[in-house]
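Have a look at the structure below before the remarks.
The values are calculated or read from the model by the stated rules, or taken from the named source; none is laboratory data. Small disclaimer: the values here were computed from a predicted structure and weren't measured. Because the Cβ atoms are built from the backbone with ideal geometry, glycine has one as well, and the counts that use them run over all protein chains shown. All accessible areas refer to the heavy atoms of the entire protein, side chains included, with ligands and DNA or RNA removed. Shrake-Rupley method; radii C 1.70, N 1.55, O 1.52, S 1.80 Å.
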Amino acid sequence: MSAVLFFIAAIGAISGAIGVVMMRNPFYSVLALAFHLVSLAALFLLLRAEFVAAAQVVVYAGAVMVLYVFVVAYVGGGEQLASGAVLRILGPLFALALAIELCIAMLGAGLKGVNSRGAPFVLGFGTPKHIGNLFLTKYLFPFELASILLLVAAIGAVVLARRRRGLEPDEQAAYRVEAPRPAYTGTMAEAAGLRPAGGEEPLKPEVEPVGTTTGDATQQQGDW
Amino acid sequence: MNIGWYLAVSAIIFCIGAGGVLTRRNPLVVLLCLELMLNGANLALVAFARMWGSEDGQIFALIVMVLAACEVTVGLGLVVAIYRRRLPIDVDELNELQG
């Protein structure tokens, strides 16, 4: 049973990874990565890492993927697949060489544990209780460092992605306040007839002030 | 299943990610491929934790997840900044720091 589940999850993970690399549209790449992450969470469960699997689904497939989807929707656009002809051929060759090298290293390592099914299972292995215990005792320093790193990354992202030159021109026009001028409050030049008076008809503000004419009507209507 | 199978899958995922980083031009997809490489490493870490019967490898995997989240945040911030400046979203054309 576990072998069947392993092969299903492994094929899912690898096909998801291939999809990430091969898809032309970045949006489909993100979706393929989400599929890959869920398959990987199944592999983690088979390795008895419950908490890591749950964190994988919640943090990665949940939060990080949403961030990706938002940025892809904001930036958008499909891209051409490869750069120059050299990297297009050399890249997969390099990846293949790396895969062969890693397989040779693992097969030739002679580690006894690699060819076994792992250590005997202890009850409670990989539960949040054990992980939290380790995080707050043996690995307290990495834990605190990770929280500081998250804070730094959040501030850094805000600083990087913020607007630098104030508002865009049309947005500035929308924010400019055009104050209405009541009648008979003109300038001296207008009083002397040198300039046409601008205060005859007060300019109506674009936004109706709350609580004047229409506001009262709705208040009476909805006052129950 | 032997632990070796899991290590083989993690090696394959890592290599697919490395190939993607080399061949793709869109920085968004390059970031996704970096995620693939980190996930391959994560799978190996969790597999070794299972092999030894201790949870230290899982702690390591969780820290790697935090690192990946930070990297994604900063990377996506950079992509948004590139887009705001109307620069081409293409890692081959953004080569000012290449010297």
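Tabulated data
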quantity	calculated
Candidates A:L107, A:L134, A:L45, A:L40 - the one that is closer than 26 Å to A:V4 by Cβ, open to solvent by 20 Å² or more (accessible area, probe 1.4 Å) and modelled with pLDDT of 90 or more	A:L45
Out of A:Y60, A:Y68, A:Y74, sole residue that is in contact with a helix residue (DSSP H, G or I) (Cβ under 9 Å, 6 or more places away or on another chain), modelled with pLDDT of 90 or more and facing chain B (nearest Cβ under 10 Å)	A:Y68
Per-region count, segment B:67-76, residues within 12 Å of the chain's Cα centre (by Cα) and either under 25 Å from B:M1 (Cα atoms) or open to solvent by 30 Å² or more (accessible area, probe 1.4 Å) (or both)	2
Failed criterion for B:L34 (all others in (1) within 7 Å of chain A (Cβ to nearest Cβ); (2) farther than 19 Å from A:G118 by Cβ hold)	(1)
Filter result for A:L136 (closer than 22 Å to B:V66 by Cβ, of a type outside the set (K, R) and assigned by TED's automatic domain parsing to the domain that holds A:L33)	no
Only listed residue being within 22 Å of B:E55 (Cβ to Cβ) and either in contact with a Lys or Arg (Cβ under 6 Å, 6 or more places away or on another chain) or in the same structural domain as A:V52 (by TED's automatic domain parsing) (or both), chosen from A:F125, A:F143	A:F125
So A:F27, is it within 18 Å of B:L76 (Cα to Cα) and surrounded by fewer than 22 Cβ atoms within 10 Å (Cβ to Cβ)	yes
Filter result for the condition that a residue is more than 7 Å from chain A (Cβ to nearest Cβ) and either open to solvent by less than 40 Å² (accessible area, probe 1.4 Å) or charged (D, E, K, R) (or both), over B:I89, B:I3, B:I16, B:I82	B:I82
Residue match in segment B:57-64 (condition: aromatic (F, W, Y) and buried (at least 24 other Cβ atoms within 10 Å of the Cβ))	no
Positions within segment A:110-131 being modelled with pLDDT of 80 or more and either assigned to a loop (DSSP other than H, G, I, E, B) or closer than 22 Å to A:I14 by Cβ (or both), in sequence order	A:F125, A:G126, A:T127
Selected residue [over 14 Å from A:Q56 (Cβ atoms) and free of Cβ contacts under 8 Å to residues at least 60 places away in the same chain] from B:L45, B:L36, B:L22	B:L22
